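All remarks here apply to the structure that follows.
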Amino acid sequence: MRRNIVAGNWKSNQLFSQADELINDIAEKLRNFDSTDVDVIVCPPFPYLELVSDAAEDVEFFVGAQNVSKFDNGAYTGEVSAAMLQSMNIDYCIVGHSERRKYFFETNRDVAEKVDRLLKVDINPIVCVGELLEEREEGRHFDVIRSQVSEGLFHLSKDQITKVILAYEPVWAIGTGKTATKDQAQEMHAFIRGLIADKYSDDVAQDVSILYGGSCNAKNARELFAQPDVDGGLIGGASLKHEDFIEIACSF
Ligand code: PEP
């Protein structure tokens, strides 16, 4: 059975002292949180993974990385391997965020390789897909998402695909304040679930959590999460404000 999930993507934000304060505030709020309905994940920059993991020790939330190397350990200066993340007990890892596709030229093939690396060490990938504004305006958004989902994920087995979390993040909505409407989100989430059902089965598709991301905040989360195929959110800007982040996590 799929879970509701709210994941905070801190991106490349926060100095150490700010990260320390933010995670302590989040942990404090989560101390008496009823996590029956939702899994909360915090994805800080690499240098703060240990700090956030320490805070997660006596409070119920999970820790995710924002990226992983497509290579194994070795002579790849600057890279962080899946094995390193596993050795730090990291539970999740974002893959294929549109900022990585745009600034670091990551392709669907890179996404597929990173997903494989993560699954090999039992880390759940959070795989981001999303169309550009011009792709939507030209009516190509479903084709773009179909390619991203199939090229990034459809080499996986039935068992493996249920360990993946998908995040539909229309690029035009990320950090812009232009949130997708609930109908736009539901339409694309249902489309993605349909792709998974066609490739695997209905049962498998029902087991995969599909998150919405893109200017999701404390005001609009409840309406988005109420859609039948929206299983939570990947939250950027609003995850840096502990009160907003927790309010979003309480929006089911
Ligand atoms: C993101 O970067 O994954 C994201 C959804 O950002 P924001 O919430 O700031 O739009």
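Could you tell me whether any residue of region 32-41 is under 25 Å from Tyr168 (Cα atoms) and within 14 Å of the ligand (Cβ to nearest atom)? Don't jump to the end; show me each part of the working.
Pass one, region 32-41, residues under 25 Å from Tyr168 (Cα atoms): 35-41.
Those still in the list that are within 14 Å of the ligand (Cβ to nearest atom) too: 41.
Yes, because at least one residue in region 32-41 is under 25 Å from Tyr168 (Cα atoms) and within 14 Å of the ligand (Cβ to nearest atom).
Look through region 207-228, keep the residues that are assigned to a helix (DSSP H, G or I) and open to solvent by 90 Å² or more (accessible area, probe 1.4 Å), and return whichever of them is nearest to Ile145 (Cα to Cα).
The first filter runs over region 207-228 and keeps only residues assigned to a helix (DSSP H, G or I), leaving 207, 221-225.
Still in the running and open to solvent by 90 Å² or more (accessible area, probe 1.4 Å): 222-223.
Working: Arg222: 24, Glu223: 23 Å.
Here the answer is Glu223.
Scan region 126-141 and give yes if some residue there is within 20 Å of the chain's Cα centre (by Cα) and away from the ligand (no atom under 16 Å from the Cβ), otherwise no. Steps first, please.
Here is the first cut: in region 126-141, the residues within 20 Å of the chain's Cα centre (by Cα) are 126-132, 141.
From the residues that got through so far, the ones that are away from the ligand (no atom under 16 Å from the Cβ) too are 141.
Yes - at least one qualifying residue is present in region 126-141.
Restricting to region 159-181, give me the number of residues that are of a type in the set (S, T, N, Q) and within 10 Å of the ligand (Cβ to nearest atom).
Going through region 159-181 one residue at a time, the tally reaches 2.
For region 152-170, what are the residues that are within 18 Å of the chain's Cα centre (by Cα) and assigned to a helix (DSSP H, G or I)?
Gly152, Leu153, Gln160, Ile161
Could you give every pair whose Cβ atoms fall below 6 Å, whose first residue belongs to region 168-180 and is over 9 Å from Glu131 (Cβ atoms) and modelled with pLDDT under 95, and whose second residue is assigned to a loop (DSSP other than H, G, I, E, B) and near the ligand (Cβ under 8 Å from one of its atoms), counting only separations of at least 6 or pairs across chains?
No pair meets every condition.
Those residues that are closer than 21 Å to Trp10 by Cβ and either aliphatic (A, V, I, L, M) or touching a Lys or Arg at 6+ places or on another chain (Cβ under 9 Å) (or both), I need them from region 87-110; list them, please.
Here is the first cut: in region 87-110, the residues closer than 21 Å to Trp10 by Cβ are 88-104, 106.
Once the filter is applied, which keeps residues that are closer than 21 Å to Trp10 by Cβ and either aliphatic (A, V, I, L, M) or touching a Lys or Arg at 6+ places or on another chain (Cβ under 9 Å) (or both), region 87-110 yields Met88, Ile90, Cys93, Ile94, Val95, Gly96, His97, Glu99, Glu106.
Inside region 1-84, counting only strands (runs of 3 or more DSSP E) that do not spill past its ends, which hold 3 or more residues that are in contact (Cβ under 8 Å) with a residue 12 or more places away in the chain, open to solvent by 40 Å² or more (accessible area, probe 1.4 Å) and under 27 Å from Ala112 (Cβ atoms)? Let's see the steps before the verdict.
On the way: elements: 5-9, 39-43, 62-65.
Correct list: empty, since no element meets the threshold.
Out of the residues in region 229-252 that are open to solvent by 20 Å² or more (accessible area, probe 1.4 Å) and farther than 23 Å from Glu21 by Cβ, which is modelled with the lowest pLDDT?
Phe252
I'd like to check something: does region 99-107 contain any residue that is more than 16 Å from the ligand (Cβ to nearest atom) and open to solvent by less than 70 Å² (accessible area, probe 1.4 Å)?
Of region 99-107, the ones more than 16 Å from the ligand (Cβ to nearest atom) are 105, 107.
In the following step, the residues that additionally are open to solvent by less than 70 Å² (accessible area, probe 1.4 Å) were identified as 107.
Yes, region 99-107 contains at least one residue that is more than 16 Å from the ligand (Cβ to nearest atom) and open to solvent by less than 70 Å² (accessible area, probe 1.4 Å).
The values are calculated or read from the model by the stated rules, or taken from the named source; none is laboratory data. These figures come from a predicted structure and were not determined experimentally. Cβ atoms come from the backbone with ideal geometry, glycine included; neighbour counts cover every protein chain shown. Only protein heavy atoms, including side chains, enter the accessible area calculation; ligands, DNA and RNA are left aside. Shrake-Rupley method; radii C 1.70, N 1.55, O 1.52, S 1.80 Å.
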